[in-house]
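Peer 1: Sharing a structure below in structure tokens format, with a few things to ask.
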Protein chains: 2
Amino acid sequence: MKKVSISDIARKAGVSVSTVSFVMNDKAVKMRISREVIEKVENVAREMGYRPNQLARGLRTGKTKTIGLIVENISNAFFATLAKTIEDEAKKYDYKVVYCSTDNDEVKARELINMLSQRQVDGYIITPTPLLADEIKKLQAENKPVVLIDRYFPEAPTIPAVLVDNFEGVAKGTEYLIEKGYDKIALVTIETDMAHMKDRLSGYFEVLRRHDIPIDERRMKIVPYSSDRETALGMIAELLEGAGSEIDAVFFLTNYLGVLGIEAIKKKRLKIPDQLAVLCFDDNDIFRLYTPTISVIRQPIESIGQQAMCVLIERLKHSGGAEGYPIADTLHLRTELIARESI
Amino acid sequence: MKKVSISDIARKAGVSVSTVSFVMNDKAVKMRISREVIEKVENVAREMGYRPNQLARGLRTGKTKTIGLIVENISNAFFATLAKTIEDEAKKYDYKVVYCSTDNDEVKARELINMLSQRQVDGYIITPTPLLADEIKKLQAENKPVVLIDRYFPEAPTIPAVLVDNFEGVAKGTEYLIEKGYDKIALVTIETDMAHMKDRLSGYFEVLRRHDIPIDERRMKIVPYSSDRETALGMIAELLEGAGSEIDAVFFLTNYLGVLGIEAIKKKRLKIPDQLAVLCFDDNDIFRLYTPTISVIRQPIESIGQQAMCVLIERLKHSGGAEGYPIADTLHLRTELIARESI
DNA sequence: GAGGTACGCTAAAACGATTTAGTTTGTATC
DNA sequence: GATACAAACTAAATCGTTTTAGCGTACCTC
């Protein structure tokens, strides 16, 4: 059984292709198609199980009602939740989402943009890799709206972004640890050139400075992005050797690192918070359920998704216009400190 | 800046559209296009940043090199991991994946199939909802390959499926609990008509029967699918009232229920495994990291994804043929009992 | 009875590719 | 000098839609 096309319907209903098209697109009234013909066409279409071919439609109209979502890794809880929110949100505006993971690989990221562009998505929501700004500007030059999430390019302020206030979040967390009496606060972060992680790091530095706590390199672990689970686990374990003497608290700057951290701490049988206080940037089921429960700086994932869609839709509406939307808006959302038993 | 099309290239290079098409599709040699023209076209295409329009291509060829993946909920760890595996696997065969979540809603599932069909995906990998068999048969009638994963329709054996041996998995788990001396084994499952869950339930019944342990309704909690977190949590808490007296172990039949279970147990401050042994179907980071670690029946997620892709690709190759691929193959993969501290 | 307009519909171009069936030119064959 | 054939391309149809322009008829107006 072949797929049925608009001309099959036209033939069977004894009308022209145009008429069918008008009926199917609710333009029948505007085009003064008679009541009987409308019903006739609708019946035939239903009977034959007609489903309009979106490729043809997209080719003709230049709109696919699809947005491309590029995240770092869809199997990570943060991005999976974000993806779900964006999918749900897009549905409200009658858009479909296609998502893909970069694995933080520049080449793959470019390939994905290329692929989405070839598939003519109407707009993009992107978690960029460090060198992706030029590729993204090309999309903008083609008049395709783009919104960055989670990460951004300070040197390219014309690309709108929805972010959390990373600096403030980490500063707040560090401040909280100090307030609770910890002063040998270790930090675990990921090695990257991306500004959002630098912002987080600055938050830590700034608060230590404010409290005249010297910055000690030995209390910092910078895990290379490329390292596999085991290596990363090993590096964190190394840092934890100092627990009790050189460090009394540890702040993980991503949820992935935090989970690894929990694993390392568990292996070492360190008592939280007696031997070591723990704080993590970005929440996770595990942190909520672990014993003891782990304090976190929570990112408002739903808001990020909603705001990103909102900015994108706004631009999508205007993207017929000469130069698209005037200026970039970058939104900074507030994080929330969730105090649990680990501190 | 507008997108560049094949005819822009043709004009600039001073050749015909067909020639450009041949060059871009590596058919230049077969079509005896001269070396100079090939180079000329390639250069112009590169300079102008040509990206072929996949809509047009798909419209003409009838192939989109895209497969549709429908899961229950992409933010669930099981499905997120599965999606990632399938995405990676598809890439090897030069296919792109678009995924969507049904939220186990029949209407939404139908809409999604409809949407993917309109977008002309070449094949489908589907986690079905209970009443989806007829809709799936329509796809097969249109000669579109479909592979089910995780769930299946015993009454529709013509739809290929990649499953785990649910009966055997739960039987093995129940057997293990009994072997370890537990005989008041409670069970938490989800209310559904789907065969895979019935298989799991049968595994439990069968093993109890084999050991002459009477089946006690009060030890079973069947959570309605539609219930929200709080309600489900409440129902599990209710069951746990019996811990120590009426029940000495609990077997959660899905990973979602298991996580809720952990939460309920934690709230009640029950000691695992002293007051209650815990076993869950399907692993999760939380079970591995929780204290004590939770024993599970592990599903081979990577294999499920790989096998599903493998079956699909095989059918995709043959789908030009008159009746597609002859008979359905249903694969049953083995689960693995991972014994941890909770038993 | 010429001109206007409302009605109800259709023809045909266009979107950007692929692909089949040529066309033109040059060279070799008998 | 006619025929054949290869080389190097090109013209045009096609996929399934949307959309603009237009066509024929009927009725109205002056």
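Peer 1: Those residues that are within 11 Å of DNA strand D (Cβ to nearest atom) and either farther than 18 Å from B:GLN118 by Cα or outside any helix (DSSP H, G or I) (or both), I need them from the stretch A:5-21; list them, please. I'd like the intermediate steps shown before the answer.
Peer 2: Here is the first cut: in the stretch A:5-21, the ones within 11 Å of DNA strand D (Cβ to nearest atom) are A:5-10, A:16-21.
A:SER5, A:ALA10, A:SER16, A:VAL17, A:SER18, A:THR19 - these are the residues of the stretch A:5-21 that are within 11 Å of DNA strand D (Cβ to nearest atom) and either farther than 18 Å from B:GLN118 by Cα or outside any helix (DSSP H, G or I) (or both).
Peer 1: Looking at B:ILE247 and the list (1) under 21 Å from B:ASN76 (Cα atoms); (2) buried (at least 17 other Cβ atoms within 10 Å of the Cβ), which single condition is not satisfied?
Peer 2: So the condition that B:ILE247 fails would be (1).
Peer 1: If the requirement is being out of contact with any helix residue (DSSP H, G or I) (no Cβ under 9 Å at 6 or more places or on another chain) and either of a type outside the set (D, E, K, R) or without any contact (Cβ under 8 Å) to a residue 60 or more places away in the chain (or both), which of these qualifies: A:ALA133, A:ALA90, A:ALA83? Reasoning before the result, please.
Peer 2: Details: A:ALA90 fails: out of contact with any helix residue (DSSP H, G or I) (no Cβ under 9 Å at 6 or more places or on another chain); A:ALA83 fails: out of contact with any helix residue (DSSP H, G or I) (no Cβ under 9 Å at 6 or more places or on another chain).
Of A:ALA133, A:ALA90, A:ALA83, the one residue that is out of contact with any helix residue (DSSP H, G or I) (no Cβ under 9 Å at 6 or more places or on another chain) and either of a type outside the set (D, E, K, R) or without any contact (Cβ under 8 Å) to a residue 60 or more places away in the chain (or both) is A:ALA133.
Peer 1: Continuing with the same structure: Mind listing whichever residues of the stretch A:41-56 are under 17 Å from B:GLN118 (Cβ atoms) and either exposed (fewer than 12 other Cβ atoms within 10 Å of the Cβ) or more than 9 Å from DNA strand C (Cβ to nearest atom) (or both)?
Peer 2: Just the residues of the stretch A:41-56 that are under 17 Å from B:GLN118 (Cβ atoms), to begin with: A:45-46, A:48-56.
If the condition is that a residue be under 17 Å from B:GLN118 (Cβ atoms) and either exposed (fewer than 12 other Cβ atoms within 10 Å of the Cβ) or more than 9 Å from DNA strand C (Cβ to nearest atom) (or both), then A:ALA45, A:ARG46, A:MET48, A:GLY49, A:TYR50, A:ARG51, A:PRO52, A:ASN53, A:GLN54 are the ones that fit.
Peer 1: What number of residues within the stretch B:25-43 are more than 13 Å from DNA strand D (Cβ to nearest atom) and over 30 Å from B:GLN120 (Cβ atoms)?
Peer 2: Total meeting the criteria: 1.
Peer 1: Kindly provide the set of residues from the stretch B:27-55 that are more than 26 Å from B:LYS92 (Cβ to Cβ) and within 9 Å of chain A (Cβ to nearest Cβ), ordered by number.
Peer 2: Across the stretch B:27-55, the qualifying residue is only B:GLY49.
Peer 1: Exactly one of these conditions fails for B:LYS96: (1) in contact with a Ser or Thr (Cβ under 6 Å, 6 or more places away or on another chain); (2) within 13 Å of DNA strand C (Cβ to nearest atom). Give me its number.
Peer 2: With (1) in contact with a Ser or Thr (Cβ under 6 Å, 6 or more places away or on another chain); (2) within 13 Å of DNA strand C (Cβ to nearest atom) applied to B:LYS96, the lone miss is (2).
Peer 1: What residue, of B:ARG51, B:ARG57, is part of a helix (DSSP H, G or I) and more than 7 Å from DNA strand D (Cβ to nearest atom)? Outline the logic, then answer.
Peer 2: Details: B:ARG51 fails: part of a helix (DSSP H, G or I).
On inspection, the qualifying residue turns out to be B:ARG57.
Peer 1: Looking only at the stretch B:244-258, filter to residues that are small (Gly, Ala, Ser) and modelled with pLDDT of 95 or more; which one of those is farthest from B:ALA277 (Cα to Cα)?
Peer 2: Step one: of the stretch B:244-258, the residues small (Gly, Ala, Ser) are B:244-245, B:249, B:258.
Narrowing the set further to residues that are modelled with pLDDT of 95 or more leaves B:249, B:258.
Values: B:ALA249: 4, B:GLY258: 12 Å.
Per the stated criteria, the residue is B:GLY258.
Peer 1: Then there is this: Which of the residues that make up the stretch B:167-207 are part of a loop (DSSP other than H, G, I, E, B) and either over 23 Å from the mean Cα position of the chain (by Cα) or β-branched (Val, Ile, Thr) (or both)?
Peer 2: B:LYS180, B:GLY181, B:TYR182, B:ASP183, B:LYS184, B:THR192
Peer 1: Does the stretch B:87-104 include one or more residues that are within 11 Å of DNA strand D (Cβ to nearest atom) and surrounded by 14 or more Cβ atoms within 10 Å (Cβ to Cβ)?
Peer 2: Within the stretch B:87-104 (the criterion being within 11 Å of DNA strand D (Cβ to nearest atom) and surrounded by 14 or more Cβ atoms within 10 Å (Cβ to Cβ)), the answer is no, since none of the residues qualifies.
Peer 1: Let me ask another. For A:MET115, indicate whether it is surrounded by fewer than 16 Cβ atoms within 10 Å (Cβ to Cβ) and within 14 Å of another protein chain (Cβ to nearest Cβ).
Peer 2: On the way: surrounded by fewer than 16 Cβ atoms within 10 Å (Cβ to Cβ): no; within 14 Å of another protein chain (Cβ to nearest Cβ): yes.
No: the conditions fail for A:MET115.
Peer 1: Continuing with this model, one more query. Any residue in the stretch B:153-166 that is β-branched (Val, Ile, Thr), part of a helix (DSSP H, G or I) and either surrounded by fewer than 20 Cβ atoms within 10 Å (Cβ to Cβ) or within 11 Å of another protein chain (Cβ to nearest Cβ) (or both)?
Peer 2: Going residue by residue through the stretch B:153-166, those that are β-branched (Val, Ile, Thr) are B:158-159, B:162, B:164.
From what is left, the residues that are part of a helix (DSSP H, G or I) are none.
No: the stretch B:153-166 contains no residue that is β-branched (Val, Ile, Thr), part of a helix (DSSP H, G or I) and either surrounded by fewer than 20 Cβ atoms within 10 Å (Cβ to Cβ) or within 11 Å of another protein chain (Cβ to nearest Cβ) (or both).
Peer 1: Right, another one. What is the one condition in (1) away from DNA strand C (no atom under 16 Å from the Cβ); (2) more than 9 Å from chain A (Cβ to nearest Cβ) that B:SER101 does not satisfy?
Peer 2: With (1) away from DNA strand C (no atom under 16 Å from the Cβ); (2) more than 9 Å from chain A (Cβ to nearest Cβ) applied to B:SER101, the lone miss is (2).
Peer 1: Something else now. Quick one: in the stretch A:1-22, which of the residues that are over 21 Å from A:THR61 (Cβ atoms) and more than 14 Å from chain B (Cβ to nearest Cβ) is nearest to DNA strand C (Cβ to nearest atom)?
Peer 2: Per the criteria, the residue is A:VAL15.
Peer 1: Same structure, new question: Just checking, how many residues over the stretch A:23-40 are more than 9 Å from DNA strand C (Cβ to nearest atom) and either under 43 Å from the mean Cα position of the chain (by Cα) or not in a helix (DSSP H, G or I) (or both)?
Peer 2: Going through the stretch A:23-40 one residue at a time, the tally reaches 7.
Peer 1: Could you please give the count of residues in the stretch B:60-80 that are free of Cβ contacts under 8 Å to residues at least 40 places away in the same chain and buried (at least 18 other Cβ atoms within 10 Å of the Cβ)? So that I can check it myself, show each step before the final result.
Peer 2: Filtering the stretch B:60-80 for residues free of Cβ contacts under 8 Å to residues at least 40 places away in the same chain gives B:60-61, B:73-75, B:80.
Within this subset, residues satisfying the condition of being buried (at least 18 other Cβ atoms within 10 Å of the Cβ) are B:74-75, B:80.
Here the count works out to 3.
The values are calculated or read from the model by the stated rules, or taken from the named source; none is laboratory data. Remember, predicted model here, so these are calculated numbers, not experimental data. Counting neighbours? That spans all protein chains shown, and the Cβs are built from the backbone with ideal geometry, glycine included.
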